[in-house]
Amino acid sequence: MEFGVHPELPVYAGGLGILAGDAMKSACDLRLPVTGIGLFWSEGYCHQFVREDGQVEDRYVHSPRSALESLDVEISVHVAGRDVKCRALRVTRYVDSRLLLIEPVAEMDRWITRRLYGGGQEDRIAQELLLGVGGVRLLRALGESPDVYHFNEGHAVFAGLELLREQLAAGLDFESALAAVRSRIVFTTHTPVKAGNEAHSIELLARMGADLGLGRDELVRIGGSPFNMTVAGLRLARRANAVAELHGVTARAMWRDVDRAAPIVSITNGVHQATWQDPRVRAAVAPDKAPERRRDELWRGHQELKGELIAAVEEQSGVRLAPDRLLVGFARRAATYKRADLLLGDPDRLARLIDGGLQLVMAGKAHPADGEGKAMISRVAVAARRYPDRIVYLDDYDMRLGALLTRGCDVWLNNPRRPKEASGTSGMKAAMNGVLNLSILDGWWPEGCRHGETGWKIGDGEGDAVELSPEEVEAMDRRDRDSLYAVLEGEVLPRYRDRAAWVAMMEQSIAMASWRFSSDRMVEDYYRMLYAPDAPLD
């Protein structure tokens, strides 16, 4: 549904899209024959700002087309009683592997691809029909029949129904058609959060998507009723993966009652090193340098990056942060389970940390329809105004700001409610730049954390239940907040005052992350564990 390849092509919302963009870049670097198919969003995702009264405001602008060329091909998809003619736009800059974006030809049909994740359920079904059904038809119009179709989250599942329709039209019975389709589909599930595993009314699907070509019983057989896109992905795929080792445990438990064809293996996400690791950091840690020189260059490069972030913060907010004080960063999608305001919950202990040398720079972006997420952003922005020289909230989080933050902070904070953070990739970007992670043992961090060496953990990995009562949520928040304050006070701030020990941790962080949590490794794992015909099934 989204590809984040460059800030100048804003057809992405956040981590999922940037992950898809990084996968496309690695496919190119590794010279692998991968085609990406998405949608061209004419207004993309929202720009988001906090007003003086603390309210969050969304703004939209038209996406530029300077990096796109139209292919000489046209397809048609039946959506809500109308044949929607579509064209394909090829992305000509920012990524060298082939990335194709579908767009309706007629202006009257572009309500479908106006805003990423905008509108209601009918809009979403229409978008997913273009992506799934349209994506397969685009490949056919180009004369292509891929060996493997990789559905990157549930949004693409209607492609599987189009493949089924093709097999049924060729004369196969339903069971034979399903077996033929399964042999070529793999599926990635990205989140245990309920809102990320969407479901649609069977009746609405039948009304919106006549091109799906399946009856009610067949739709229910695949996705249940209501039609759950993740369940359908699991049932249509020969293999499926979660996006971290812990997420694999969570996903297998979460979907254990689904009579799925696909076992769920774990392939931990990764990020594109050339995009996210600053060249100065990469040069500083070159293996042919003497250890003392390497550490001197690494610290000098980090200080330059920190200075660039401080300058950008001052330009945007008017606040001048101190270069010699610990700078902690927190920036991600503003979902409530990520707890952007956790550190702000005890004003007395927070004040003590600030007096001890802490500075905090925060950013985030809530889904336009997520009132609770926006309320959390408002609370963070209001709290920042109470500490005008030590806490800063930056508007309109995007790839550009993400790169500045994951290169220029000293510490990268991550404190979701475990186990809801399926992977998390911003911490990988930080780790590659020697920015030390301070994180709940969730997502990728249980695999990367060596406490006191590559970064620090918050808590001891308590919590494996996705759904909690309000009382359990409150207890978890209190426990994790206490641990967060204790680690900052007792370990992080004292270590920052010991430059030699700090730089040694930076080196270990970079060494830990640069291959193991790269998208090159991730894509190679996709080929080995998902795409290959003889890939293991467990």
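Determine whether the stretch 155-173 contains at least one residue that is in contact with an Asp or Glu (Cβ under 7 Å, 6 or more places away or on another chain) and surrounded by fewer than 21 Cβ atoms within 10 Å (Cβ to Cβ).
No.
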*the stretch 93-126, subset among the acidic types (Asp, Glu) and part of a helix (DSSP H, G or I), residue farthest from TYR60 (Cα to Cα)*: GLU122
*Residues of the stretch 355-374 satisfying the condition of being at pLDDT 95 or above and in contact with a strand residue (DSSP E or B) (Cβ under 6 Å, 6 or more places away or on another chain)*: GLY357, LEU358, GLN359, LEU360, VAL361, MET362, ALA363
*Would you mind finding the one in ASP348, ASP389 that is more than 21 Å from LEU19 (Cα to Cα), of a type outside the set (Val, Ile, Thr) and not in a helix (DSSP H, G or I)?*
ASP389
*Considering residues of the stretch 297-350 that are of a type in the set (A, V, I, L, M) and surrounded by fewer than 17 Cβ atoms within 10 Å (Cβ to Cβ) only, the residue farthest from the chain's Cα centre (by Cα)*: ALA322
*Of the residues LYS420, LYS429, which single one is basic (Lys, Arg) and either in a loop (DSSP other than H, G, I, E, B) or surrounded by fewer than 18 Cβ atoms within 10 Å (Cβ to Cβ) (or both)?*
LYS420
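Among the residues of the stretch 179-198, is any in a helix (DSSP H, G or I) and farther than 25 Å from ALA251 by Cβ?
So far as the stretch 179-198 goes, yes, one or more of its residues are in a helix (DSSP H, G or I) and farther than 25 Å from ALA251 by Cβ.
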*What are the pairs, 6+ residues apart or on separate chains, where a residue within the stretch 323-348 that is closer than 22 Å to TYR397 by Cα has its Cβ under 6 Å from a residue that is at pLDDT 95 or above and among the acidic types (Asp, Glu)?*
LEU326/ASP410; LEU327/ASP410
*asked:* Please go through the stretch 319-336 and give me each residue that is at pLDDT 95 or above and not aliphatic (A, V, I, L, M), ordered by number.
replied: ARG320, PRO323, ASP324, ARG325, GLY329, PHE330
*Number of the condition not met by ASP72 [criteria: (1) out of contact with any helix residue (DSSP H, G or I) (no Cβ under 8 Å at 6 or more places or on another chain); (2) not in a strand (DSSP E or B)]*: (2)
*Scan of the stretch 199-218 for residues that are closer than 16 Å to LEU236 by Cα, part of a helix (DSSP H, G or I) and either of a type in the set (A, V, I, L, M) or within 29 Å of the chain's Cα centre (by Cα) (or both), ordered by number*: LEU212
*Please find, within the stretch 93-137, the residue that is modelled with the lowest pLDDT out of those that are touching a Cys at 6+ places or on another chain (Cβ under 8 Å), closer than 21 Å to TYR149 by Cβ and surrounded by 22 or more Cβ atoms within 10 Å (Cβ to Cβ).*
VAL95
*asked:* One residue is enough: does the stretch 409-416 have a residue meeting the conditions of a type outside the set (Phe, Trp, Tyr) and without any contact (Cβ under 8 Å) to a residue 40 or more places away in the chain?
replied: no
*Can you name the residue in the stretch 182-212 that is among the small types (Gly, Ala, Ser) and in contact with a Pro (Cβ under 8 Å, 6 or more places away or on another chain) and is also surrounded by the most Cβ atoms within 10 Å (Cβ to Cβ) among such residues?*
ALA199
_Total residues in the stretch 79-92, condition surrounded by fewer than 17 Cβ atoms within 10 Å (Cβ to Cβ) and outside any loop (DSSP other than H, G, I, E, B)_ = 4
*If you check ALA141, ALA179, which single one turns out to be surrounded by fewer than 23 Cβ atoms within 10 Å (Cβ to Cβ), touching a residue at least 60 places away in the same chain (Cβ under 8 Å) and among the aliphatic types (A, V, I, L, M)?*
ALA141
*asked:* Which count do you get for residues in the stretch 255-285 that are touching a residue at least 40 places away in the same chain (Cβ under 8 Å), under 30 Å from LEU298 (Cα atoms) and not aromatic (Phe, Trp, Tyr)?
replied: 12
*Just wondering, is there one or more residues in the stretch 519-529 that are of a type outside the set (Lys, Arg), at pLDDT 95 or above, over 27 Å from ARG418 (Cα atoms) and over 27 Å from the mean Cα position of the chain (by Cα)?*
no
*Considering only the stretch 260-323, give the helices (runs of 4 or more DSSP H) lying wholly within it that have at least 3 residues that are under 30 Å from ALA240 (Cα atoms) and touching a helix residue (DSSP H, G or I) at 6+ places or on another chain (Cβ under 8 Å).*
273-276
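In the list ALA261, ALA159, ALA199, which residue meets the criterion of being under 23 Å from VAL34 (Cα atoms), out of contact with any Cys (no Cβ under 7 Å at 6 or more places or on another chain) and not assigned by TED's automatic domain parsing to the domain that holds GLY427?
Details: ALA261 fails: under 23 Å from VAL34 (Cα atoms); ALA199 fails: under 23 Å from VAL34 (Cα atoms).
Testing whether each residue is under 23 Å from VAL34 (Cα atoms), out of contact with any Cys (no Cβ under 7 Å at 6 or more places or on another chain) and not assigned by TED's automatic domain parsing to the domain that holds GLY427 leaves just ALA159.
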*Of the residues in the stretch 363-386, how many are surrounded by fewer than 22 Cβ atoms within 10 Å (Cβ to Cβ), part of a loop (DSSP other than H, G, I, E, B) and either in contact (Cβ under 8 Å) with a residue 60 or more places away in the chain or small (Gly, Ala, Ser) (or both)?*
3
*May I ask you to verify whether GLY233 is closer than 22 Å to GLY134 by Cβ, within 21 Å of the chain's Cα centre (by Cα), in the same structural domain as GLN167 (by TED's automatic domain parsing) and among the small types (Gly, Ala, Ser)?*
yes
_Matching residues, the stretch 442-458, being touching a residue at least 40 places away in the same chain (Cβ under 8 Å), touching a strand residue (DSSP E or B) at 6+ places or on another chain (Cβ under 9 Å) and surrounded by fewer than 23 Cβ atoms within 10 Å (Cβ to Cβ)_ = PRO446, GLY448, THR454
*Check whether at least one residue in the stretch 60-78 is buried (at least 17 other Cβ atoms within 10 Å of the Cβ), of a type in the set (Val, Ile, Thr) and closer than 25 Å to GLY209 by Cα, and report yes or no.*
yes
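The values are calculated or read from the model by the stated rules, or taken from the named source; none is laboratory data. Computed from a predicted model, the values in this text were never measured in an experiment. So basically every Cβ, Gly included, is an ideal-geometry build from the backbone, and we count neighbours across all protein chains shown.
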